[in-house]
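The structure appears below as structure tokens.
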């Protein structure tokens, strides 16, 4: 969930995500792989760097609904 919330602000690479969330790069990469396989995030390569973002506006909509539900509970 933390990765998705961070990606809500725009695309990021593994290093930036790890630094922001105080996670090891290997843990971030593993979670991103699972999210990518589930079509929650997408990736694009720019040279040696891979950038990740939310897959489409539906993911953002679901994330916003989930957060709203949590806040009202």
The one condition residue 55 fails out of (1) more than 15 Å from residue 9 (Cα to Cα); (2) under 10 Å from the mean Cα position of the chain (by Cα) is (1)
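Scanning for something touching a residue at least 40 places away in the same chain (Cβ under 8 Å), touching a helix residue (DSSP H, G or I) at 6+ places or on another chain (Cβ under 7 Å), at negative phi and surrounded by 12 or more Cβ atoms within 10 Å (Cβ to Cβ), does segment 25-42 turn up at least one residue?
Initial filter on segment 25-42 (touching a residue at least 40 places away in the same chain (Cβ under 8 Å)): none.
Checked segment 25-42: no residue is touching a residue at least 40 places away in the same chain (Cβ under 8 Å), touching a helix residue (DSSP H, G or I) at 6+ places or on another chain (Cβ under 7 Å), at negative phi and surrounded by 12 or more Cβ atoms within 10 Å (Cβ to Cβ).
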Within segment 1-24, restricting to residues that are closer than 23 Å to residue 47 by Cβ and touching a residue at least 24 places away in the same chain (Cβ under 8 Å), the one that is surrounded by the fewest Cβ atoms within 10 Å (Cβ to Cβ) is 10
Check your understanding: In this structure, does residue 68 turn out to be touching a helix residue (DSSP H, G or I) at 6+ places or on another chain (Cβ under 9 Å), farther than 17 Å from residue 9 by Cβ, free of Cβ contacts under 8 Å to residues at least 24 places away in the same chain and surrounded by 10 or more Cβ atoms within 10 Å (Cβ to Cβ)?
Key -> no
Wholly inside the chain, helices (runs of 4 or more DSSP H) that include 1 or more residues that are modelled with pLDDT under 95 are 2-7, 57-72
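The values are calculated or read from the model by the stated rules, or taken from the named source; none is laboratory data. This structure is a prediction, so every number in the text was calculated from the model and none was measured. Don't worry about glycine lacking a Cβ; one is built from the backbone with ideal geometry, like all the others, and counts go over all protein chains shown.
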